[in-house]
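Quick notes on the structure that follows.
The values are calculated or read from the model by the stated rules, or taken from the named source; none is laboratory data. Keep in mind that what you see is a predicted model, and the values were worked out from it rather than measured. Backbone-built Cβ (ideal geometry, glycine too); neighbour counts: all protein chains shown.
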């Protein structure tokens with residue numbers, strides 16, 4: 001597609017529920033990243049996929065967070081047993097190696 | 001550890017005034033450097049990037065940035081600010097050895113008429 005697409009754009013969930021956030025990167029981009037932006041905060045790196053290499057999961061805040069990337073394209077970020085502190089905007093970006101990242105519009109997650 | 005610092009959390013300028021947003025990085029070698037802008041409720045848009053070569057980089061919307069190795073800085077400038085420039089600006093750095101884009105905390109720009 002022309003840009004990075006994320007869905008849903010907004011998600012409200014009850015504490016303790018699981019959520020799945022989807023990212024559809026730009027076609028042909030080999031790298032895919034997830035970041036989290038909490039209210040009034042900067043961007044926190046979560047996870048990075050590059051081609052067929054093992055993902056860099058060093059930014060995942062707890063084992064409730066996981067992500068996968070199927071077929072080198074679409075990625076899903078899953079948060080299990082959501083907590084209120086998980087409320088944030090989750091941003092996905094894709095890139096060709098060494099180029100600037102293109103970001104999606106994000107998913108605003110609210111845990112109530 | 002690799003880091004990107006934006007010393008100014010908030011900046012307010014008058015419309016038509018010049019602007020400079022500061023960014024410093026801490027990396028073992030010169031990283032790739034970027035400036036992004038985020039308008040309220042929007043995603044991040046790339047303004048400009050520096051990989052190598054000419055240290056003065058031109059970007060979109062009339063922005064430019066200058067890389068200064070001696071100061072480990074990559075400051076963003078605009079000669080005349082428009083009200084539509086009010087947004088949050090993020091400086092970021094990427095090093096191939098670490099494979100992730102690290103962001104500064106952001107500078108929120110307000111523009112007075």
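If we keep just the residues of the stretch B:48-69 that are in a strand (DSSP E or B) and surrounded by 13 or more Cβ atoms within 10 Å (Cβ to Cβ), which is nearest to the other protein chains (Cβ to nearest Cβ)?
Ranking the candidates gives B:49 first.
Exactly one of (1) under 15 Å from the mean Cα position of the chain (by Cα); (2) modelled with pLDDT of 95 or more; (3) surrounded by fewer than 17 Cβ atoms within 10 Å (Cβ to Cβ) is unmet by residue B:24. Its number?
(3)
Provide a single number: the residues in the stretch B:82-113 that are surrounded by fewer than 21 Cβ atoms within 10 Å (Cβ to Cβ) and part of a loop (DSSP other than H, G, I, E, B).
Final tally of qualifying residues: 8.
Just to verify a result, which residue in the stretch B:12-47, among those that are closer than 19 Å to residue A:100 by Cα and touching a helix residue (DSSP H, G or I) at 6+ places or on another chain (Cβ under 7 Å), is nearest to the other protein chains (Cβ to nearest Cβ)?
This residue is B:47.
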